[in-house]
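K.L.:
Got a structure here, written out as structure tokens. Questions coming.
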Amino acid sequence: MSTTAADTTVDARGATCPGPLMELVGAFRGAEPGTVVALLTDEEQSLTDVPEWAAESGNEVVATEDEGTHYRILVRKS
Amino acid sequence: MTDEIVVVGGGTGGAVLANDLAERLGPEVDAGDVRVTVVNDGPDHVYKPVWLYVPFGLREPSDGRRPLRDLLDRRVDLVEDRVTEIDTERKRLGYRDGNGPRRYDHLVLATGSRLDREEIPGLVEGGHDYYSEAGALALQEELLSFTEGHLILSVIGSPHMCPAAPLEFVFMADDWFRKRGLREDVEITYTYPIQRVHGNPHIAEWAHPLLEERDVRIETFCNPEAVDPDAEVLETMEGTEIPYDLLVAIPPHRGSEVVEAAGLGDRGWVDVDKETLAATNAEAVYALGDTANTGVPKAGSVAHYEAGVVAQRIASAVHGRPATATYDGKTVCFVETGMDAASYVEFDYQNPPTPKPPSKSLHWAKLAYNESYWLTARGLI
């Protein structure tokens, strides 16, 4: 079950690396600071790509939820 | 009633597909039982790989243009118009000028990519590209007279057409300046949005040391969010500011607006089954090439191989047989590694690429293929 609220959701299920991260980056373009984006991904590599990019770009991974068939990674724009 | 097969887009995928269908369904087309129509929004077929060579003064955009009619089988109808509406419930199409078939039994979307430079503020004013005819010519103007300063090749949008082309451009620029005795006066930086230098980890692993050997500065996790054309600075989402003298960018890409409006997929890329290439949100609709959201590169070879699969599947449907052809993700690509050397990769969904050692013979193979491409468009090779 999803437990953390998001302002917007990006469904990147089915996309392979680097697709999910690029979709997240796309959602961050033009987003207001404080916006929380939920990335839905079934690409295992997103579990490392996304936190690495968040750290590099000064954004924050709020939560990573295992939804069974996919992950829901929530990232807040700084 | 005539079986209407409508192919939207007359690029590599659309042309190869239409010619393949004409071959497979020739007797039915001649008998009037089947009609194959290509709808294209201009008179020409454009072979985009030529654009890589334009900035260096080696080719002209006209080398990549030929009348589409000349490349299509005589049994294929060509309509010059633009599809403006797709109603997948009623299997109906709307057109800018009203020239094409109103209904379809089988629809193939091969509408390709378009550049969305406006997505990055300042990019139109401050950046150059070689992903369009006009862009390649404008860059040629700049590059031919560029003798010193900082050249940045920045991959801003991904996915984009021809994932090898940014690396190729950098390798070629390095060699080109070196051979002209200018390399010490030209700093080259390559930026990529993720943590490595290419989306495919195997190609990234191969390319990274080559870039280092050539003294190309590498910036990964680099996502430009604006360009300041007056200050000549690239501003990134990661908080860095990179000054440039010549910015060559791979702009964000989108597919066709009509695809998005029809609810077939986001950003104009059609959601498809990766093997059958059938649209997931509609019946009797296929997508191929750049338009199909498969995760494989947006490359001509992909469109070529996918066209063969879609042609077989549609021909099977017309003949009332089960469609069994599937796409295995096959992609082939020559990768220029300088002005007179190239590598080659071949891969699919199951097998990753292993780039061949760069050689002159692969470079000449690439140039030879570029010349013989017109036979591919005709469906001959």
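Each reported figure results from applying straightforward, stated rules to the coordinates on display, with no laboratory input. Computed from a predicted structure; not experimentally measured. Positions of Cβ are backbone-derived with ideal geometry, glycine not excepted, and every protein chain shown enters the neighbour counts.
K.L.:
Nearest-5 percent of antiparallel DSSP beta bridges in the protein assembly as shown?
P.N.:
Working: 38 of 78 bridges.
About 50 percent, rounded to the nearest 5.
K.L.:
Karplus couplings for the range B:373-381 from phi (6.51 cos²θ - 1.76 cosθ + 1.60, θ = phi - 60°), rounded to Hz, Gly and Pro as x?
P.N.:
Residue by residue, the range B:373-381 yields 3, 4, 6, 5, 4, 6, x, 8, 9 Hz.
K.L.:
Let me ask you something else. For B:328, A:49, what's the fewest-to-most ordering of other Cβ within 10 Å of each Cβ?
P.N.:
Neighbour counts put them in this order, fewest first: B:328, A:49.
K.L.:
Just to be sure I understand the model, the point goes 7 Å from the Cα along the line to the Cβ. What's the resulting residue B:33 to residue B:241 distance in nm?
P.N.:
If labels sit at residue B:33 and residue B:241, their model points lie 7.0 nm apart.
K.L.:
Per-residue Cβ counts within 10 Å, from other chains only, averaged over B:136-145: what number is that?
P.N.:
What the average comes to for B:136-145 is 0.
K.L.:
Additional query: Set the Förster radius R0 to 30 Å, insert the Cβ-Cβ distance between residue B:58 and residue B:231 as r into 1/(1 + (r/R0)^6), and round the FRET efficiency to 0.05.
P.N.:
With a Förster radius of 30 Å, E is 0.40.
K.L.:
I would also like to ask the following. Once Lys and Arg get +1 and Asp and Glu get -1 on their Cβ, which of A:40, A:68, A:30 lies farthest toward the positive end of the dipole of the range A:8-76?
P.N.:
It is A:30, whose Cα lies furthest towards the positive end.
K.L.:
Further question on the same structure: With a Förster radius of 25 Å, plug the Cβ-Cβ distance of residue B:321 and residue B:23 into 1/(1 + (r/R0)^6) and report the FRET value to the nearest 0.05.
P.N.:
With a Förster radius of 25 Å, E is 0.90.
K.L.:
When you look at the Cβ of every residue in B:273-281, what mean number of other chain Cβ atoms sits within 10 Å?
P.N.:
0
K.L.:
Ok, one more. Can you sort B:115, B:72, B:17 so the residue with the fewest Cβ neighbours within 10 Å comes first? Walk me through the intermediate numbers first.
P.N.:
Numbers: B:115 20, B:72 24, B:17 32.
If I rank by nearby Cβ atoms, fewest first, I get B:115, B:72, B:17.
K.L.:
If you place +1 on the Cβ of every Lys and Arg, -1 on the Cβ of every Asp and Glu, and leave all else neutral, what size is the dipole of the range B:264-381 about its Cα centre, to the nearest 20 Debye?
P.N.:
In debye, rounded to 20, the range B:264-381 gives about 260.
K.L.:
I would also like to ask the following. With every atom except the alpha carbons ignored, what do you get for Rg and Dmax of chain A, in angstroms?
P.N.:
Radius of gyration, then largest Cα-Cα span, for chain A: 11.0, 31 Å.
K.L.:
Tally Lys and Arg at +1 and Asp and Glu at -1 over the other residues with C-beta under 13 Å from the C-beta of residue B:171: what net charge comes out?
P.N.:
Here the charged neighbours net out to -3.
K.L.:
Also: Take every Cα-Cα distance within the range B:1-60, group them into 5 Å bins from 0 onward, and report for each bin the whole-number percent of pairs it holds.
P.N.:
It works out to 4, 17, 20, 16, 14, 10, 6, 5, 4, 2, 0, in whole percents.
K.L.:
Same structure again: By counting other Cβ atoms within 10 Å of each Cβ, how are B:296, B:170 ranked from fewest to most?
P.N.:
Fewest to most other Cβ atoms nearby, the residues stand as B:296, B:170.
K.L.:
Looking only at other chains, what is the average number of their beta-carbon atoms within 10 angstrom of each beta-carbon in A:23-31?
P.N.:
4
K.L.:
What is the pair-distance distribution P(r) of the range B:118-252, computed from all Cα-Cα distances in 10 Å bins starting at 0, with each bin given as a whole percent?
P.N.:
Taking all Cα pairs of the range B:118-252, the binned fractions are 12, 47, 36, 4 percent.
K.L.:
To one decimal place, what Kirkwood hydrodynamic radius in Å is obtained for the protein assembly as shown from all pairs of distinct Cα atoms?
P.N.:
For the protein assembly as shown, inverting the mean 1/r across all distinct Cα pairs yields 23.0 Å.
K.L.:
So if I take the centroid of the Cα atoms in the range B:110-186 and the same for the range B:297-353, what is the distance between those two points in Å?
P.N.:
With the range B:110-186 and the range B:297-353 each reduced to a Cα centre, they are spaced 27 Å.
K.L.:
In addition: Distance cut-off 22 Å, Cα to Cα: go down the list A:77/B:274; B:179/B:360; B:91/B:298 and report the pairs above it.
P.N.:
Table pairs above 22 Å Cα-Cα are A:77/B:274; B:91/B:298.
K.L.:
Now a separate question. Would you mind putting B:154-160, A:57-63 in packing order, based on average other-beta-carbon counts within 10 Å, highest first?
P.N.:
So the order, starting with the most tightly packed, is B:154-160, A:57-63.
K.L.:
As I understand it, the value is the acute angle between the Cα axis of helix B:12-24 and the longest principal axis of the Cα atoms of chain B; what does it come to in degrees, rounded to 10?
P.N.:
Around 30 degrees separate the two axes.
K.L.:
Can you give the charge dipole size of the protein assembly as shown about its Cα centre, rounded to the nearest 20 debye, using +1 on the beta carbon of Lys and Arg and -1 on the beta carbon of Asp and Glu?
P.N.:
In total the dipole reaches around 1600 debye.
K.L.:
What residues qualify as long-range amide H neighbours of residue B:3, i.e. H under 5 Å apart, gap of 5 or more or another chain, H built at 1.01 Å from N?
P.N.:
Here the answer is B:34, B:35, since their amide H atoms fall under 5 Å of that of residue B:3.
K.L.:
Same structure, new question: Expected output is a single nm value to one decimal: the length gained when fully extending between residue B:99 and residue B:273, i.e. 0.36 nm times separation in residues minus the C-alpha distance. What is it?
P.N.:
Working it through step by step, the gained length comes to 59.6 nm.
K.L.:
Please list, in chain and number order, the residues 5+ apart from residue B:65 or on another chain whose amide H is under 5 Å from its amide H, with Hs placed from the backbone.
P.N.:
B:47
K.L.:
Right, here's the next one. Across chain B, how large is the tail of the calculated P(r) beyond 41 Å, expressed as a percent of all Cα pairs?
P.N.:
15
K.L.:
On to the next question. Nothing charged except the Cβ atoms of Lys and Arg (+1) and of Asp and Glu (-1): what's the magnitude of the dipole of chain A about its Cα centre? Round to the nearest 20 debye.
P.N.:
260
K.L.:
Calculate one ³J(HN,Hα) per residue across the range B:28-45 by plugging θ = phi - 60° into the Karplus curve 6.51 cos²θ - 1.76 cosθ + 1.60, and present them in order as whole Hz with x for glycine and proline.
P.N.:
My calculation for the range B:28-45 gives 5, 5, 4, 7, x, 7, 10, 10, 10, 10, 9, 10, 10, 8, x, x, 10, 9 Hz in order.
K.L.:
Hey, another quick one. Give the cross-link partners of residue B:48 among the aspartates and glutamates, using a straight C-alpha distance below 12 Å as the criterion and excluding same-chain residues fewer than 8 apart.
P.N.:
Within reach: B:60, B:63, B:133.
K.L.:
List the residues whose amide H sits under 5 Å from the amide H of residue B:272, counting only those 5 or more places along or on another chain, with H placed 1.01 Å from N in the peptide plane.
P.N.:
Correct list: B:280, B:293.
K.L.:
Net charge near residue B:137, counting Lys/Arg +1 and Asp/Glu -1 over other residues with Cβ under 12 Å of its Cβ?
P.N.:
Combined, the nearby Lys, Arg, Asp and Glu give -4.
K.L.:
Related question: Which log10 I(q)/I(0) values does the range B:245-381 give at q = 0.09, 0.11, 0.18 Å⁻¹ under the Debye formula, counting every alpha carbon as one identical point scatterer?
P.N.:
Each listed q maps to, in turn, -0.35, -0.51, -1.12.
K.L.:
A further question follows. Which of B:248, B:322, B:110 sits closest to the plus end of the dipole of chain B, meaning its Cα is farthest towards the positive end, when Lys and Arg get +1 and Asp and Glu get -1 on the C-beta?
P.N.:
The residue sitting most towards the positive pole is B:322.
K.L.:
Provide the net charge surrounding residue A:49, with neighbours chosen by a C-beta distance below 11 Å and charges set as Lys +1, Arg +1, Asp -1, Glu -1.
P.N.:
With Lys, Arg at +1 and Asp, Glu at -1, the neighbours total -3.
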